[in-house]
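Engineer: My questions all concern the structure below.
The values are calculated or read from the model by the stated rules, or taken from the named source; none is laboratory data. The structure displayed is predicted, hence computed values, not measured ones. Because the Cβ atoms are built from the backbone with ideal geometry, glycine has one as well, and the counts that use them run over all protein chains shown.
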Amino acid sequence: MNSDLDTEQDHDQFTLFQDRQFWPFFSTQFLGALNDNLFKFAITLLITYQWSVIWLPPAMAGLVIGAVFILPFVLFSALSGQLADLLNKTKILRSVKLFEVLIMGFASLGFYVHSPLLLLFCVFLIGLHSTIFGPAKYAYLPERFDSKALLGANALVEAGTFLAILLGNLLGGLLLTSEYFAHSDHSEVPWVCVALALIGLLFSWFIPTHPNAAPMRFEPSDQTPRASQPLEDLFIEWNPFKQTLQNLREAASIPGMRAALFGISWMWFYGAVFLSLFPSFSKDLLNGNAGVASLLLFVFSLGIGAGALLCTTLKHPDYELGLVLLGLIGMSLFTLDLAHSVNHQAYASSLLAHQDPTAFARSANAPLLSIVGFLSKNGSFRILADLFLLSAFTGIFSVPLYTFIQSYSPPERCAQTIAANNILNALFMIASALIVGLLLFLGLSIPQVFLILALANIFTLVYLAVQLPEFQTHFVGSVKAWIRDFKNPF
């Protein structure tokens, strides 16, 4: 990292924006995430509300588009991880941004000729773009920053990513429902997407090709340093399944790595449950309109970003992994309270009672509530507080795990470990959709699904504590430090 950042500054992640190693990189990845989500959400709304597509019913549009986007992660993550470990990561980031410009230019044609098939193919290409970008992005950070700055860098990237997801969805909806688009054969969407891709490409050229100094790496205390494999001995394995299994086996040989990979994938499983249920959660349980659904998404994204940014304030220099158990405890507590609060408002009965999920306490003909109407109801602010806090603890939970993977992985295989984790994340999100669908099909209500999720989170806590005892010692040490050296995190 740049020498002009002193030791005291390293503890404040926002000073990283003064670092040439960080701010162009952050801007590049932020704009990429913003563009991806704007494009996906705009196409989803377009096919759902405005275009009549015989082979793609509106109710299936979101599911199909999400599946097409995730597919490249399953097919090409292993290859992208190998490339990121073999090639210069900055050059990969720049090449991917150029690829993004070409994709968005190609997608413009799909908008103008009204071709859903062409746009779906562009969604696949955007998924491929993100698949290649991800391992290089996360492997770039430990290559450029030492252990003191790495947690803060991850926190900013995590917060920025969820902010970009939120802004992308909001901007996509705004552009697609604007009066201009409704009365014209042309859309602002492709122009905005091309412009964002070009700006991201411009920022990528400010990322230094080589780090200013080799960062300090650290190894698990109970493990001797691993010998780095000579780069010339590495080769490209084109079979994605074989390479993924090999990456997972390599990661499993590092103490605690298997637990960390599971923890991050569980975070994506956890978040996917809420994101998939927000529409019905808002409309059916809270009797809210689309504005209320957007409010829930805003609060959820804001919470994860806030939790990620709090990590550097809450962590103790010697007990960083204590944040993992803190996050899991908070996730369980506030998910339980959310389940209780929502169930009371929707059904006015016991959370454990067997009930008809469609038999709500309100009148069947009650009009949908606006944001103001929803906030005026008793218990609404408690629901929003629960949602914000459970998502904030999710951010606190996830950031140290990303830092653990980056710091403990052998430098020459860091990107491949992250690529394997990306595949696990995709599989966990798919499993999330299937399991939630099964639970709802069996007649459980959404609050009862939240209850099961909170209980499963407790089992995750026990699993991680057993698999990596350092989590326990770090958590106990952190609690003692917080009590001894209490300070206002805000």
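Engineer: Out of (1) surrounded by fewer than 20 Cβ atoms within 10 Å (Cβ to Cβ); (2) assigned to a helix (DSSP H, G or I), what's the single condition that is false for Gly327?
Structural biologist: If we test Gly327 against (1) surrounded by fewer than 20 Cβ atoms within 10 Å (Cβ to Cβ); (2) assigned to a helix (DSSP H, G or I), just (1) comes out false.
Engineer: Just a yes or no: is a residue in the range 433-452 at pLDDT 75 or above, of a type in the set (Ser, Thr, Tyr) and buried (at least 20 other Cβ atoms within 10 Å of the Cβ)? Before the answer, list the steps.
Structural biologist: Here is the first cut: in the range 433-452, the residues at pLDDT 75 or above are 433-452.
Next, only the ones that are of a type in the set (Ser, Thr, Tyr) stay: 445.
Keeping just the survivors that are buried (at least 20 other Cβ atoms within 10 Å of the Cβ) gives 445.
Looking through the range 433-452, at least one residue is at pLDDT 75 or above, of a type in the set (Ser, Thr, Tyr) and buried (at least 20 other Cβ atoms within 10 Å of the Cβ).
Engineer: Another question, then. Can you name the number of the only condition in (1) in a loop (DSSP other than H, G, I, E, B); (2) touching a residue at least 40 places away in the same chain (Cβ under 8 Å); (3) not aliphatic (A, V, I, L, M) that Glu158 fails?
Structural biologist: So Glu158 meets the others, but not (1).
Engineer: Please go through the range 272-303 and give me each residue that is within 12 Å of the chain's Cα centre (by Cα) and buried (at least 22 other Cβ atoms within 10 Å of the Cβ), ordered by number.
Structural biologist: Passing the criteria: Phe300, Ser301.
Engineer: Out of Leu150, Leu171, I need the residue that is under 20 Å from Ser398 (Cα atoms) and touching a residue at least 60 places away in the same chain (Cβ under 8 Å). Which one? Show your work before the answer.
Structural biologist: Values: Leu171 fails: under 20 Å from Ser398 (Cα atoms).
Only one candidate qualifies: Leu150.
Engineer: Select from the range 62-95 the residues that are among the small types (Gly, Ala, Ser) and farther than 16 Å from Gly127 by Cβ and write down the one among them that is surrounded by the most Cβ atoms within 10 Å (Cβ to Cβ).
Structural biologist: Within the range 62-95, the match that is surrounded by the most Cβ atoms within 10 Å (Cβ to Cβ) is Ala84.
Engineer: For the condition more than 21 Å from Leu163 (Cβ to Cβ) and either touching a Leu at 6+ places or on another chain (Cβ under 9 Å) or part of a loop (DSSP other than H, G, I, E, B) (or both), what is the one hit in Ser108, Ser52, Ser77? Let's see the steps before the verdict.
Structural biologist: Details: Ser108 fails: either touching a Leu at 6+ places or on another chain (Cβ under 9 Å) or part of a loop (DSSP other than H, G, I, E, B) (or both); Ser77 fails: either touching a Leu at 6+ places or on another chain (Cβ under 9 Å) or part of a loop (DSSP other than H, G, I, E, B) (or both).
Among Ser108, Ser52, Ser77, only Ser52 is more than 21 Å from Leu163 (Cβ to Cβ) and either touching a Leu at 6+ places or on another chain (Cβ under 9 Å) or part of a loop (DSSP other than H, G, I, E, B) (or both).
Engineer: So which of His344, His340 is without any contact (Cβ under 8 Å) to a residue 60 or more places away in the chain and surrounded by fewer than 23 Cβ atoms within 10 Å (Cβ to Cβ)?
Structural biologist: Going through His344, His340 in turn, the sole match is His344.
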